[in-house]
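Taking it in order: structure first as structure tokens, then the write-up.
The values are calculated or read from the model by the stated rules, or taken from the named source; none is laboratory data. The model shown is predicted, which means the values in this text are computed figures rather than measured ones. Note that we place each Cβ from the backbone using ideal geometry, even for glycine, and neighbour counts take in every protein chain shown. To get the accessible areas, we keep the full protein, side chains included, count just its heavy atoms, and leave off ligands, DNA and RNA. Shrake-Rupley method; radii C 1.70, N 1.55, O 1.52, S 1.80 Å.
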Amino acid sequence: MEFRALRLLTLLGLLFVEPGFGQRGDMDVGEWLREKAELLNAFGDKLKDVRALEARLNATVDQLTGQKAEVDRLREENEGSTRAPRVAFSASLADFGEIYKGPCTDKTLIYKRVFSNTGDGYDQSTGVFTAPVCGLYFFSFSTYGYNTHVTGAILMKNGARQVSTYDGLAADGSDGAGNAVALQLVAGDAVHMELWDGGRVFDNLNGHTTFSGFLVFPA
Ligand SMILES: *[C@@H]1O[C@H](CO)[C@@H](O)[C@H](O)[C@H]1NC(C)=O
């Protein structure tokens, strides 16, 4: 519709601007009109080309708009992950000399030699790690002891046993063991290590008896 109106307007325009219209001796009016009609057809074809180009341009614009949205989303996600809390700690039992811990009634192991404590989740005066945020945490620990006592330790979450190491009295001189667990925690959950009843662990600056943990991702 719009296209036909344009053609008509152009034709009218040409009729008016053509100098000496109707007074020319060398070309009759019919021929002149045919010539103009051909020009208009050619113009119409060009217009179709332009429309096709415009459609391609529109498609490109749509694509770019989609890509920009994706980039914005990724940027936001990236900023989110750099804002995410960083929580990690690692400690061993003895910060000097030698420690034989246990058997005793206060069975909590307090790891005194703190290698790292990003986020201050681990309290080196109580031996308790408190989750600062909700998320999945990974813990690992190792224990070492001599054959005079049961050796090993239990990882406790809010006072409940989770995973442990254990070695009973045996003829060999000493025993080392390790274990690990991934735990879903909410902010405020407490994780610590405990001796077995009648158990004993040993440590010195070789770091045989250790406790480490970190936030894998907040959730
Ligand atoms: C291209 O996009 C413009 C703006 O949205 C629209 O007016 C035009 O009709 C579109 N052209 C084609 C060929 O799709």
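Summary of values
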{"read-out": "Under the Karplus curve 6.51 cos²θ - 1.76 cosθ + 1.60, θ = phi - 60°, whole-Hz ³J(HN,Hα) for segment 132-144, x wherever Gly or Pro sits", "value": "x, 9, 6, x, 9, 10, 10, 10, 9, 8, 9, 10, 8"}
{"read-out": "Per residue solvent-accessible surface (Å²) - the chain, probe of 1.4 Å", "value": "61"}
{"read-out": "With Cα atoms, 0 to 90° folded angle of helix 2-17 axis to the chain main axis", "value": "40"}
{"read-out": "Heavy-atom accessible area ranking, 1.4 Å probe, most first, across 93, 53", "value": "53, 93"}
{"read-out": "Estimated FRET transfer efficiency (residue 158, residue 83; beta-carbon r; R0 30 Å; 0.05)", "value": "0.60"}
{"read-out": "Percent accessible area from carbon and sulfur atoms, segment 88-218, protein chains only, probe 1.4 Å", "value": "53"}
{"read-out": "Pairs of Lys in the chain closer than 23 Å at Cα, counting only those 8 or more apart or on different chains", "value": "6"}
{"read-out": "Computed P(r) (all Cα pairs; segment 88-218; 10 Å bins; percent)", "value": "14, 47, 30, 8, 1"}
{"read-out": "FRET efficiency, 1/(1 + (r/R0)^6) with R0 35 Å, evaluated for residue 47 and residue 27 via beta carbons", "value": "0.85"}
{"read-out": "GNM result for the chain, Cα springs below 10 Å: residue of 105, 151, 130 fluctuating most strongly", "value": "105"}
{"read-out": "Cα long-axis angle, helix 29-83 against the chain (0 to 90 degrees, to the nearest 10)", "value": "10"}
{"read-out": "With all protein chains modelled, accessible area of residue 174 [1.4 Å, Å²]", "value": "40"}
{"read-out": "Whole-Hz ³J(HN,Hα) from phi, Karplus 6.51 cos²θ - 1.76 cosθ + 1.60, for segment 180-185, glycine and proline x", "value": "7, 7, 9, 10, 7, 10"}
{"read-out": "Average Cα contact separation per residue, the chain, under 8 Å, 6 or more apart, as relative contact order %", "value": "24"}
{"read-out": "Between segment 81-138 and segment 168-201, the Cα center-to-center distance that results, in Å", "value": "13"}
{"read-out": "110, 154, reordered so the largest accessible area comes first (probe 1.4 Å)", "value": "110, 154"}
{"read-out": "Ratio Rg/Rh [Cα only; Rh per Kirkwood] for the chain", "value": "1.72"}
{"read-out": "Computed magnitude of the charge dipole of the chain (debye, nearest 20; Cβ of K, R +1, Cβ of D, E -1)", "value": "200"}
{"read-out": "Most mobile of 51, 161, 34 in a GNM of the chain (Cα contacts under 10 Å)", "value": "34"}
